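**Q** Just dropping this structure here.
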Amino acid sequence: MKLITKTILYYLLISLPLIIIAGFLSYHLIRSELRDGTDEMLWKEKLHNENILKLQPEIKKTYLSLDSLSMISPTLFHKDQYVFSDTTIFDVAENENVNYRLLKSFLNTNNQTYLIVVAKPTFEEEELLEGLFTSFAIIVGFLMLAFFAVNWFLSKTLWKPFYKTISKLNEYNLQNHSNENFSASNTKEFNQLNTALNKMTEKIHSDFLLQKEFTENASHEMQTPLAIIKANINLLMQSPNLKAEEMDQLQAIDNTTKKLASLNKALLLLAKIENNQFKEISEVSIKDILNKVLAHFEDRLMAKNILIEHKIISDIKVKMNSTLAEILITNLIQNAIRHNTTGGKIILETENNSLIISNSGEALKINTDELFTRFKKNDASKESIGLGLSIVKSITELYNYKIEYNYKNLFHEFNLQF
Amino acid sequence: MKILLIEDEPELRKSIKQYLHQEGYLIESASDFIKAQEKVNVYQYDCILVDITLPNGSGLDIVKQLKDANSKAGIIIISAKNSLDDRIKGLDLGADDYLPKPFDLAELNARIKALNRRRNFDGNKSIIVNEISIIPEERTVKVNDQLVNLTTKEYELLLFFISNKNRVVSKNSIAEHLWGDDSDQLDSHDFIYVHLKNLRKKLADKGCEDYVQTIYGIGYNFKIN
């Protein structure tokens, strides 16, 4: 949920009950104040009537108002008390019920007891209340609107640096790290956040560089010892008195050294790709590279009796490093040969801006998601070192190309979108 | 032929010297930049093998120095830095070849021979081994004066064998020589077998003796008495 939505929701949650309680309380307060006022007026009228009665000797039942509610009438009872009450009378003229406030009191004068009733319609009071409530509601409504507007405005302006930081974080890429990623803001908290983020990314970046440098250096440093091992194997091999068993051992050492050397070479290549050391970019023709690579693998294709089916409709020209382009295509073709069946097939086709290389072969035993992961091999016993597709992946990532793998109708399909 | 090996790693220096010595070369060595500089200033060499990363300096500077002095020596850079930049820089400076570490001694030997042939130190353009004669410039092979029609891989295989004649060359060395970096161990051994079988047959058809001995487990030896 967005911060602004949350703020508004909490505000509503707290303010709605408060508004209801405040409305309820003020309704009652105002109402009782108004009633007191009406009652006071009725009382004054009653006193006035009493004064008139005291001056007049005898009086019959007299109506004091048009609505025949206020009146003076002689009565037999006498109570030494007065009563305020409410009543509702249907007003024919207005065709509605009208509320009245009544004051009944008794007066004993000239040996006669009189009942004095004074009444006053309370519609004024109600209208006043209604008016008050309408204005109250309008004020609350305006307050709410103002609140939303202010919140929206604040989130747009005050929180702007925060959202900027978030989008920067989303865009953040270790490969193109710059020193001042999160710029200063005049809000203290955001400034603290940005400083902390700057420090953190700086640290991550330097660790990342160190790790890359380490991989590259380690691989470099391993080349010379490997060369020494290789040279000594070469020399040992020349010995005329080697027994069959020793030759087998020598062969094992030689094979392993070769594997180690190619592993090292691949790791170094990966480090170089990630260190962006292949900077020279030129326009390369994928078709030309494919032909070159296929020629290179010709004898292997023949040995495995693999048929190449060209479905290339158009050439794809891309701007990238030509060495990397060659490595990319070589690894994909090598993969298609290595994991092919004898007498199998490789289909090459282009579709818009993508190259599709598919080859016949058994389904993968490993999870397809792990296909591009380093050292993930479908068949542990196979000769591959498990870095070919990771190299493909890191080249595609370098140029923002997309590579997808699918297994369809007994064919492994790699779709490379330039 | 006189070779100067500039390499700081003693073990590697020792093995290279030993292997090349058996080829009948006169080989001297230098372990750092200063010693190397002294040697190239004083003596003439036919071929110089130079490592790029040296104590006190860069091998590339030695290449530059040799070229500035119009040296006739062939230069092969042997480096742990297999970067395209270094390769291009080295070759631009005038080096003749660039061999990244780790390399096979058989490969180094073949490269020295190829460089030698290109520079034509021996004064002739063909390699003659008994009844086999090869003209590298034309890529032609003759046995008893009859042309043998070889594929590229078969030709390269034969040349590699002859460059390392009377030596045991491992299948891995051959695979790397023929297919370079992306030679898969297991299947490439089978391909070598196929190419060798064809090569042997083509040579035998022209009446060539079978010089290729199979060395159990390891590889082959092109044996010439």
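**Q** Of (1) at the interface with chain B (Cβ under 9 Å from one of its Cβ atoms); (2) modelled with pLDDT of 85 or more; (3) in a helix (DSSP H, G or I), residue A:197 satisfies all except one. Which?
**A** (1)
**Q** Additional query: Can you tell me how many residues within region A:245-279 are among the acidic types (Asp, Glu) and more than 8 Å from chain B (Cβ to nearest Cβ)? Let's see the steps before the verdict.
**A** Taking region A:245-279 and keeping what is among the acidic types (Asp, Glu), we get A:245-246, A:248, A:254, A:274.
Then drop every residue that is not more than 8 Å from chain B (Cβ to nearest Cβ), which leaves A:245-246, A:274.
Number of matching residues: 3.
**Q** Give region B:1-55 a look and list any residue that's basic (Lys, Arg) and either crowded, with 20+ Cβ neighbours inside 10 Å or under 19 Å from residue B:114 (Cβ atoms) (or both), or say none.
**A** Of region B:1-55, the ones basic (Lys, Arg) are B:2, B:13-14, B:17, B:35, B:39.
Listed by number, the residues that qualify are B:2, B:13.
**Q** Give the number of residues within region A:222-239 that are of a type in the set (Ser, Thr, Tyr) and more than 7 Å from every other protein chain (Cβ to nearest Cβ). Walk me through it before giving the result.
**A** Residues of region A:222-239 of a type in the set (Ser, Thr, Tyr): A:224, A:239.
Then keep just the ones that are more than 7 Å from every other protein chain (Cβ to nearest Cβ); that gives A:239.
Selection size over region A:222-239: 1.
**Q** Does region A:1-50 hold any residues that are outside any helix (DSSP H, G or I) and of a type in the set (A, V, I, L, M), and which are they?
**A** A:1
**Q** Hey, does region A:114-122 have a residue that's within 29 Å of residue A:21 (Cα to Cα), within 60 Å of the chain's Cα centre (by Cα) and surrounded by 10 or more Cβ atoms within 10 Å (Cβ to Cβ)? Don't jump to the end; show me each part of the working.
**A** Residues of region A:114-122 within 29 Å of residue A:21 (Cα to Cα): A:121-122.
Remaining after also requiring within 60 Å of the chain's Cα centre (by Cα): A:122.
Subsequent filtering for residues that are surrounded by 10 or more Cβ atoms within 10 Å (Cβ to Cβ) retains A:122.
Yes: one or more hits.
**Q** Then there's this: May I ask you to list the residues in region A:296-325 that are in a strand (DSSP E or B) and either of a type in the set (Ser, Thr, Tyr) or closer than 24 Å to residue A:270 by Cβ (or both)?
**A** At the first step, the residues of region A:296-325 found to be in a strand (DSSP E or B) are A:307-311, A:317-320.
Selection gives A:318, A:319, A:320.
**Q** Continuing with the same structure: With the requirement that a residue be closer than 22 Å to residue A:157 by Cα, assigned to a helix (DSSP H, G or I) and in contact with a helix residue (DSSP H, G or I) (Cβ under 8 Å, 6 or more places away or on another chain), what does region A:171-194 give you?
**A** A:190, A:193, A:194
**Q** Does region B:54-87 hold any residues that are part of a helix (DSSP H, G or I) and within 14 Å of another protein chain (Cβ to nearest Cβ), and which are they? Quick ask: steps written out before the conclusion?
**A** Keep residues of region B:54-87 that are part of a helix (DSSP H, G or I), which gives B:59-68, B:84-87.
Once the filter is applied, which keeps residues that are part of a helix (DSSP H, G or I) and within 14 Å of another protein chain (Cβ to nearest Cβ), region B:54-87 yields B:59, B:84, B:85, B:86, B:87.
Residue-wise test of (1) within 14 Å of another protein chain (Cβ to nearest Cβ); (2) of a type outside the set (A, V, I, L, M, F, W, C); (3) within 30 Å of residue A:249 (Cα to Cα).
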site	(1), (2), (3)
B:130	no, yes, no
B:153	yes, yes, yes
B:156	yes, yes, yes
B:170	yes, yes, yes
B:207	no, yes, no
B:224	no, no, yes
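**Q** If you don't mind, there's one more thing I want to ask. Being on the phi < 0 side of the Ramachandran plot and over 40 Å from the mean Cα position of the chain (by Cα) is the requirement here; does residue A:287 meet it? It would help to see each step written out before you state the result.
**A** On the way: on the phi < 0 side of the Ramachandran plot: yes; over 40 Å from the mean Cα position of the chain (by Cα): yes.
Taking the combined requirement at face value, the residue satisfies it.
**Q** On the basis of being farther than 29 Å from residue A:135 by Cα, exposed (fewer than 11 other Cβ atoms within 10 Å of the Cβ) and among the charged types (D, E, K, R), does residue A:86 make the cut? Reasoning before the result, please.
**A** On the way: farther than 29 Å from residue A:135 by Cα: no; exposed (fewer than 11 other Cβ atoms within 10 Å of the Cβ): yes; among the charged types (D, E, K, R): yes.
No, not satisfied.
**Q** Can I ask one more? Looking at region A:289-323, which of its residues are aliphatic (A, V, I, L, M) and farther than 17 Å from residue A:416 by Cα? Talk me through it step by step, then tell me what you get.
**A** Within region A:289-323, the subset aliphatic (A, V, I, L, M) is A:289-290, A:293-295, A:301-303, A:306-308, A:312-313, A:316, A:318, A:320.
Across region A:289-323, the qualifying residues are A:294, A:295, A:301, A:302, A:303, A:306, A:307, A:308.
**Q** How many residues are within 14 Å of residue A:355 (Cα to Cα), in contact with a Ser or Thr (Cβ under 7 Å, 6 or more places away or on another chain) and not in a strand (DSSP E or B) if we restrict to region A:384-418?
**A** So the answer is 1.
**Q** Could you tell me whether any residue of region A:304-317 is surrounded by 17 or more Cβ atoms within 10 Å (Cβ to Cβ) and within 14 Å of chain B (Cβ to nearest Cβ)?
**A** Yes: one or more hits.
Table: residues versus (1) modelled with pLDDT under 90; (2) farther than 25 Å from residue A:395 by Cα; (3) in contact with a Ser or Thr (Cβ under 7 Å, 6 or more places away or on another chain).
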| site | (1), (2), (3) |
| --- | --- |
| A:260 | yes, no, no |
| A:268 | yes, no, yes |
| A:274 | yes, no, yes |
| A:298 | yes, no, no |
| A:304 | yes, yes, yes |
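**Q** Another question about this same structure. Which condition breaks for residue A:242 when tested against (1) within 9 Å of chain B (Cβ to nearest Cβ); (2) within 14 Å of residue B:219 (Cα to Cα); (3) under 60 Å from the mean Cα position of the chain (by Cα)?
**A** Among (1) within 9 Å of chain B (Cβ to nearest Cβ); (2) within 14 Å of residue B:219 (Cα to Cα); (3) under 60 Å from the mean Cα position of the chain (by Cα), the lone unmet condition for residue A:242 is (3).
**Q** If you scan region A:105-156, which residues turn out to be modelled with pLDDT of 85 or more and of a type in the set (Ser, Thr, Tyr)?
**A** A:105, A:134, A:135
**Q** Tell me whether region A:16-34 contains one or more residues that are within 14 Å of residue A:113 (Cα to Cα) and not small (Gly, Ala, Ser).
**A** Scanning region A:16-34 turns up no residue that is within 14 Å of residue A:113 (Cα to Cα) and not small (Gly, Ala, Ser).
**Q** Would you tally the residues in region B:12-39 being closer than 27 Å to residue A:221 by Cβ and in a helix (DSSP H, G or I)?
**A** Selection size over region B:12-39: 15.
**Q** Right, something else. Which condition number does residue A:49 fail, the rest of (1) modelled with pLDDT of 85 or more; (2) surrounded by 15 or more Cβ atoms within 10 Å (Cβ to Cβ) being met?
**A** Looking at each condition in turn, residue A:49 falls short on (1).
**Q** Can you tell me how many residues within region B:22-48 are more than 20 Å from residue B:95 (Cβ to Cβ) and touching a strand residue (DSSP E or B) at 6+ places or on another chain (Cβ under 6 Å)?
**A** Total satisfying the criteria: 1.
**Q** Kindly indicate whether any position in region A:117-134 is outside any helix (DSSP H, G or I), within 30 Å of residue A:198 (Cα to Cα) and in contact (Cβ under 8 Å) with a residue 12 or more places away in the chain.
**A** Of region A:117-134, the ones outside any helix (DSSP H, G or I) are A:117-122.
This time we only want the ones that are within 30 Å of residue A:198 (Cα to Cα), so: none.
No - not one qualifying residue is present in region A:117-134.
**Q** Among the residues of region A:206-221, what is the count of those that are crowded, with 20+ Cβ neighbours inside 10 Å and either away from chain B (no Cβ under 14 Å) or touching a strand residue (DSSP E or B) at 6+ places or on another chain (Cβ under 7 Å) (or both)? Spell out the reasoning first.
**A** Initially, region A:206-221 is screened for residues crowded, with 20+ Cβ neighbours inside 10 Å, giving A:219.
From the residues that got through so far, the ones that are either away from chain B (no Cβ under 14 Å) or touching a strand residue (DSSP E or B) at 6+ places or on another chain (Cβ under 7 Å) (or both) too are none.
Residues in region A:206-221 being crowded, with 20+ Cβ neighbours inside 10 Å and either away from chain B (no Cβ under 14 Å) or touching a strand residue (DSSP E or B) at 6+ places or on another chain (Cβ under 7 Å) (or both): 0 in total.
**Q** Specify the residue that is nearest to the other protein chains (Cβ to nearest Cβ); the eligible residues are those in region B:8-50 that are touching a Ser or Thr at 6+ places or on another chain (Cβ under 7 Å) and under 25 Å from residue B:166 (Cβ atoms).
**A** Residue satisfying both the conditions and the ranking: B:12.
**Q** Next question. Could you tell me which residue of region B:58-111 is nearest to the chain's Cα centre (by Cα), considering only residues that are more than 19 Å from residue A:232 (Cα to Cα) and of a type in the set (Val, Ile, Thr)?
**A** First, the residues of region B:58-111 that are more than 19 Å from residue A:232 (Cα to Cα): B:58-77, B:81-98.
The next check asks that each one be of a type in the set (Val, Ile, Thr); those that pass are B:62-63, B:75-77, B:88.
Details: B:62: 21, B:63: 19, B:75: 12, B:76: 10, B:77: 12, B:88: 20 Å.
Looking at the filtered set, the residue picked out is B:76.
**Q** Another one. Please verify whether residue B:19 is touching a residue at least 40 places away in the same chain (Cβ under 8 Å) and within 19 Å of residue B:106 (Cα to Cα), treating the condition exactly as stated.
**A** Numbers: touching a residue at least 40 places away in the same chain (Cβ under 8 Å): yes; within 19 Å of residue B:106 (Cα to Cα): yes.
In short, yes.
The values are calculated or read from the model by the stated rules, or taken from the named source; none is laboratory data. Given the structure is predicted, the values throughout are model-derived calculations rather than measurements. Here the Cβ is made from the backbone with ideal geometry for all residues, glycine too, and neighbour counts use every protein chain on show.
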